[in-house]
Amino acid sequence: MSVAVENFPTLVLNADFRPLSYFPLSLWSWQEAVKAVFLQRVNVVSEYDRAVRSPSRAMQLPSVISLKQYVPLSRRPAFTRFNVFLRDRFSCQYCGGAYQAEHLTFDHVVPRSRGGRTLWNNVVTACEPCNLRKGHRLPHRSGLYPLRVPRQPTNHELQHNGRAFPPNYLHESWRDFLYWDTELEPS
Ligand SMILES: [Zn+2]
């Protein structure tokens, strides 16, 4: 098949028609998707108005596919910067302000220099000014307490929070920030 179709990503749904993953959104290249269709591992749910052709056949590029076999999702969300921000709805947990991702930092409630650990229950989203204001002080010294007590969210909660944003917004806005999606090292 030879045709110039560079960027027709396919949204991959689980067998229950929910995205295989939300963060990052499960997208395959059209090549991967077409291959899975030929291998009869997926059903085509929706197609692009664009076809690829070989000498013998043509095929519409799938825009949405669903797996034939259900893949169980892990119950515990990955501990990533992205998921910390998503848990906190991209808002500073000290002043409550909502910010663009690139203006957010994450803050150790109990600073690492005071023995605070990098875990769900000690890491919160903070805007740059609040993070600076707090510095390396304990909450009772700085007077800055998180608006909500941080804890590990469920996948359901993350998905719920994600729906507050326009479709693909998070994915698009984070394209250049793949670094944020790497797993944090618990300490
Ligand atoms: Zn703030």
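The values are calculated or read from the model by the stated rules, or taken from the named source; none is laboratory data. From a predicted model like this one, the values you see are computed outputs, not experimental measurements. With ideal geometry, Cβ positions are generated from the backbone for all residues, glycine too; neighbour counts draw on all protein chains shown.
Out of R137, R50, one residue alone is assigned to a loop (DSSP other than H, G, I, E, B) and in contact (Cβ under 8 Å) with a residue 12 or more places away in the chain. It is R137. When F38 is tested against the conditions (1) surrounded by 13 or more Cβ atoms within 10 Å (Cβ to Cβ); (2) over 20 Å from the mean Cα position of the chain (by Cα), the lone failure is (1). Residues in the stretch 87-104 that are modelled with pLDDT of 90 or more and assigned to a helix (DSSP H, G or I): 1 in all. Only one of the numbered conditions (1) in a strand (DSSP E or B); (2) exposed (fewer than 14 other Cβ atoms within 10 Å of the Cβ); (3) of a type in the set (S, T, Y) is violated by S56, and that is (1). Test N131 against the criterion of being at negative phi, part of a helix (DSSP H, G or I) and at pLDDT below 90, and give yes or no. No. Among the residues of this structure, Q31 does not count as one that is in contact with an Asp or Glu (Cβ under 7 Å, 6 or more places away or on another chain), surrounded by fewer than 16 Cβ atoms within 10 Å (Cβ to Cβ) and free of Cβ contacts under 8 Å to residues at least 24 places away in the same chain.
T118 - would you say it is modelled with pLDDT of 90 or more, assigned to a loop (DSSP other than H, G, I, E, B) and surrounded by 13 or more Cβ atoms within 10 Å (Cβ to Cβ)? Yes.
Screening the stretch 59-77 for residues that are at pLDDT below 90 and outside any strand (DSSP E or B) and picking the one that is surrounded by the fewest Cβ atoms within 10 Å (Cβ to Cβ) gives P72.
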